[in-house]
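See structure below.
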Amino acid sequence: MSTPWLDTLLFGYYPYICLTVFLLGSLIRFDRDQYTWKSDSSQLLRAGSLRWGSNLFHVGILFLMAGHTVGMLTPHFLYEGFISAGTKQLVAMVSGGLFGVLGFLGVSLLLHRRLSDPRIRLTSKRSDIALLALLWLQFALGLATIPLSAHHLDGGMMMKLAEWAQRIVTFRAGGVELLADAGWVFKAHMFLGMSIFLIFPFTRLVHVWSGFGTIAYAFRPYQMVRSRKLNLPQAHAQPQRHVAQANVPAPSSQRANPATASRPAEV
């Protein structure tokens with residue numbers, strides 16, 4: 001059982017440290033090190049297990065990111081008219097468990113691929129392996145919260161966790177006290193999730209911003225692209241060039257002198 005001062009440090013101050021580093025660090029890296037802003041794919045070395053691992057991981061984590069964002073940050077009064085807290089928790093347990101398993105299998109394949117293949121292991125950065133290990137542990141903790149949530153089917157604990165998150169993002173006090181009855185698995189899952197935001201700007205995770213940036217392509221103005229083949233038809237340009245060169249008068253230095261034009265050449 002954690003002490004109040006430790007809860008205040010980890011869940012009262014640490015979230016703002018992580019968010020500050022997450023936003024400011026991403027901006028600085030984009031401004032100073034754009035050549036390192038990439039996903040560093042190792043597909044050229046071996047693509048077999050990467051296809052399954054990457055697809056399962058991305059499907060799982062994208063759904064969980066959207067689910068956590070909407071579920072934790074949406075005020076209760078916006079949906080209490082058509083769904084109760086207990087029903088919402090049951091939906092979160094089923095959907096989160098399903099996509100959590102998919103993401104866990106995907107990150108397990110990716111981590112095994114990094115560690116078992118000598119070529120990929122040699123070209124991998126330490127941050128790559130550490131990041132996959134951290135994500136693997138985070139998925140495992142998230143799945144471990146499902147059996148514990150089954151003991152609170154009324155949705156009470158979920159409402160406290162959501163209220164804590166909403167108070168953090170709106171800079172309101174009193175959020176730490178809501179976590180007094182939360183188990184250590186919930187707190188470890190929350191702490192590790194915040195830590196991922198902390199290391200985000202220093203890893204390959206920054207390419208997530210580029211994924212959101214592609215939405216701008218749907219609203220960009222149209223671009224006019226002119227075909228070189230249409231503007232300069234090669235089939236007709238060559239004969240015209242010869243005709244034009246044939247009609248160009250010779251330079252004055254090369255013109256024949258009228259006075260000597262009829263003279264025979266000297267031997």
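The values are calculated or read from the model by the stated rules, or taken from the named source; none is laboratory data. None of these values were measured; they are calculated from a predicted model. Heads up, the Cβs are rebuilt from the backbone with ideal geometry, glycines too, and the neighbour counts pull from every protein chain shown. When the accessible area is computed, the model is the full protein with side chains, heavy atoms only, and any ligands, DNA or RNA have been set aside. Shrake-Rupley method; radii C 1.70, N 1.55, O 1.52, S 1.80 Å.
General observations
The rows are residues; the columns are (1) under 27 Å from residue 201 (Cβ atoms); (2) among the acidic types (Asp, Glu); (3) modelled with pLDDT under 90; (4) outside any helix (DSSP H, G or I).
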| site | (1), (2), (3), (4) |
| --- | --- |
| 119 | no, no, yes, no |
| 122 | yes, no, yes, no |
| 151 | no, no, yes, yes |
| 154 | no, yes, yes, yes |
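- Scanning region 162-208 for residues that are among the small types (Gly, Ala, Ser) and within 26 Å of the chain's Cα centre (by Cα) yields 162, 165, 188, 193, 195.
- Filtering region 23-35 to residues that are of a type in the set (Ser, Thr, Tyr) and touching a residue at least 60 places away in the same chain (Cβ under 8 Å) leaves only 26.
- Sole exception among (1) at pLDDT 90 or above; (2) of a type outside the set (Gly, Ala, Ser); (3) closer than 27 Å to residue 163 by Cβ for residue 58, by number: (3)
- For residue 187: the one exception among (1) open to solvent by 30 Å² or more (accessible area, probe 1.4 Å); (2) assigned to a helix (DSSP H, G or I); (3) under 24 Å from residue 15 (Cβ atoms); (4) out of contact with any His (no Cβ under 8 Å at 6 or more places or on another chain): (1)
- Residue in region 61-72 that is of a type in the set (Val, Ile, Thr) and touching a Gly at 6+ places or on another chain (Cβ under 6 Å) present: yes
- Boolean, residue 124 is more than 26 Å from residue 189 (Cα to Cα), out of contact with any Leu (no Cβ under 7 Å at 6 or more places or on another chain) and surrounded by 14 or more Cβ atoms within 10 Å (Cβ to Cβ): yes
- Matching residues, region 133-156, being touching a residue at least 60 places away in the same chain (Cβ under 8 Å) and either among the polar types (S, T, N, Q) or open to solvent by less than 60 Å² (accessible area, probe 1.4 Å) (or both): 134, 135, 139, 142, 149, 155, 156
- Cβ-Cβ under 7 Å pairs, at least 6 apart or on other chains, region 1-22 side surrounded by fewer than 17 Cβ atoms within 10 Å (Cβ to Cβ), far side aromatic (Phe, Trp, Tyr): 19/197
- Pair list, Cβ under 9 Å, 6 or more apart: region 197-216 residue without any contact (Cβ under 8 Å) to a residue 60 or more places away in the chain, other residue open to solvent by less than 40 Å² (accessible area, probe 1.4 Å) and part of a helix (DSSP H, G or I): 208/200
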